[in-house]
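Every number in this text was worked out from the coordinates using simple rules, so none of it is lab data. The model shown is predicted, which means the values in this text are computed figures rather than measured ones. So basically every Cβ, Gly included, is an ideal-geometry build from the backbone, and we count neighbours across all protein chains shown.
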């Protein structure tokens, strides 16, 4: 990057006149980075051209569409949106004040504005997802989007630069404020959330969830405090942290550690967030592939979330919930190949302009507590946040419902609100800190060495039933000394499993009784074979239910799904605080303590079975690897020890 360049106004005018691709990115308070170069569209993340024909490293800014989840074998509406790469020839740092002064100021009228899905129709989609998906065990939470759409007659590049100026002047708290202008497609936004970054071998993810819409007159400690005490908002954040820790455990040798929570304060909205960090030696393109995409804008478990999105969203996502990924060359001493740092914000709070049509996609996170009209309101608030920030609707007051917006609606004479940070307020600090009292110390603290682990040298295979909680579970098992491999259910052969001293039959979505599911059939085979052989087995969540069924214990759906629910239960004489993500349960008569050769740990009132153990096997309904399992490591060690004994 150079620190000098042509006069800003002249440079932008030349770019627009020549219809050349460019990007402007603000990542700090003082500087705007101008990137210019050639555009290359590629099919796969591995094709992102980080080196030239001679092998020389080069900088690339890539817009990664949602359809890239195909690379992980996940389902999506494939709209053909290109994985667009701006191969950077010149990267110039410009003073932010000079850039603002050079950008256009004329208002950009909108016409025929409104949501593509009516409020009542969206509320009905919310009801269906809660009943048909969450209610049937397909996952813990799902993000379903709709688009705010309007016609724009202003020249596309001019409109985008006008909106970018408004963002620079009005928005605060964004991770990236940016505009990317390429042939036929423009994106402009202020993303609050870094999806993933990798610098000097340290990978960072930043799960953000929970949306507090600032009331008229601005946020106060009292109104923000009420939001922070909300069970729904707290559980939403915990669930996305669990989901992103799954990804961190897949790409980082140390599994990842969480810090926070913090507030992400923006001009009209405030979010809650954690920061996850770990170390990795993977190619940054591989890191990006393994973390596609953020659960905050998709749901969990990730694979099933993509299928749910495909069932309930009516149109493809384009770039919404994808990422903008900046790959910057870095030479590491001793490295044979040039390496790159990665900085990739999520493409949310972003407006897209193509063929004279503005799209502002927004989504709501649907959980078991969701109120359909509350989620409708949340999409209004998020759309108003983007439109207000780019100056397309009035910026003053609370975010009102967006039914129709026409003409010039920028309130140029409205007094600017004075931003007041509430993060340092003592009441708010106490409320934020109190959240960690519910979480597992294993993921909050440095995890240290596993040199004295109790199962050092033993081997284990984890069978993945399409819930990447298995990556976190594998990391905990390695911490206990086990040599662990993860095998997808469709690839785990009997021979491979028979070689392992311990098989962990893993969790997954869906109804364990489903006779038509190939996944369920294979998981039943895995459990049955280990029992028949008398070989050590630990069964988790879905597989716990399959084991119970094999032992003749009845299965039943819960009256209300346990998705992100923390409970303290008795596990064979020891109280354990465990996180639950289940829609179905094994159930015995209250007071039952045995079933054939198996010991049963069950709820004394309902008979819901929390754990089983018998000759060479043990199982647990909860997720001992979850951040919600404060006693997860202790309970895992007990159950593994029993199975191996």
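Restricting to Cα atoms and excluding each atom paired with itself, what does the Kirkwood estimate give for the stretch 451-644 in Å?
Values: mean 1/r = 0.0616 Å⁻¹.
After inverting the mean inverse Cα-Cα distance, the result is 16.2 Å.
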Gyration tensor verdict on the stretch 35-93 (Cα atoms; rounded if a/c is under 1.5, prolate if a/b is larger than b/c, oblate otherwise): prolate
In nm, spacing of pseudo-spin labels at residue 371 and residue 47 (7 Å Cα→C-beta vector): 4.8
Principal-axis tilt of helix 156-170 within the chain, Cα atoms, nearest 10 degrees: 70
Residue order, fewest to most beta carbons within 10 Å, for 551, 537: 551, 537
Proxy reagent accessibility, fewest Cβ within 10 Å first, across 541, 76, 306: 76, 306, 541
Per residue Cα convex hull volume in Å³ - calculated over the stretch 5-63: 130
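Hey, what number do you get for the chain at 222 nm if only DSSP H runs of n ≥ 4 count, each worth -39500 (n - 2.57), divided across all residues, to the nearest 500? Write out the running numbers ahead of the final one.
Numbers: 16 runs with 175 residues, N = 645.
Per the formula, -8000 deg cm²/dmol.
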Angle between the chain longest axis and helix 231-251 axis [Cα atoms, degrees, rounded to 10]: 80
Cα-based equivalent ellipsoid of the stretch 562-645: semi-axis lengths in Å, sorted from largest, via gyration tensor: 18, 17, 10
Relative contact order computed over the chain (Cα-Cα under 8 Å; 6+ residues apart), in percent: 14
FRET E, pair residue 525, residue 556, Förster distance 25 Å, beta-carbon r, rounded to 0.05: 0.60
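Label the stretch 184-253 by shape, choosing from rounded, prolate and oblate, from the square roots a ≥ b ≥ c of the eigenvalues of the Cα gyration tensor; if a/c is under 1.5 it is rounded, and otherwise prolate applies when a/b is larger than b/c, oblate when it is not. Before the final figure, lay out each step's value.
Working: a/c = 2.67, a/b = 1.43, b/c = 1.87.
In terms of gyration-tensor shape, oblate.
Counting other beta carbons within 10 Å of each residue's own, what order do 489, 443 fall into, fewest first?
Numbers: 489 20, 443 27.
The most exposed by this proxy come first: 489, 443.
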Nearest-ten-degree value, helix 302-312 long axis tilted from longest Cα axis of the chain: 60
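How would you classify the stretch 423-494 from its alpha-carbon gyration tensor, with a ≥ b ≥ c the square roots of the eigenvalues: rounded for a/c under 1.5, else prolate if a/b is greater than b/c, otherwise oblate?
Verdict is oblate for the stretch 423-494.
On alpha-carbon atoms, Rg over Rh for the chain using Kirkwood Rh? Intermediate values should be presented prior to the final figure.
Details: Rg = 25.5 Å, Rh = 25.8 Å.
So for the chain, dividing Rg by the Kirkwood Rh gives 0.99.
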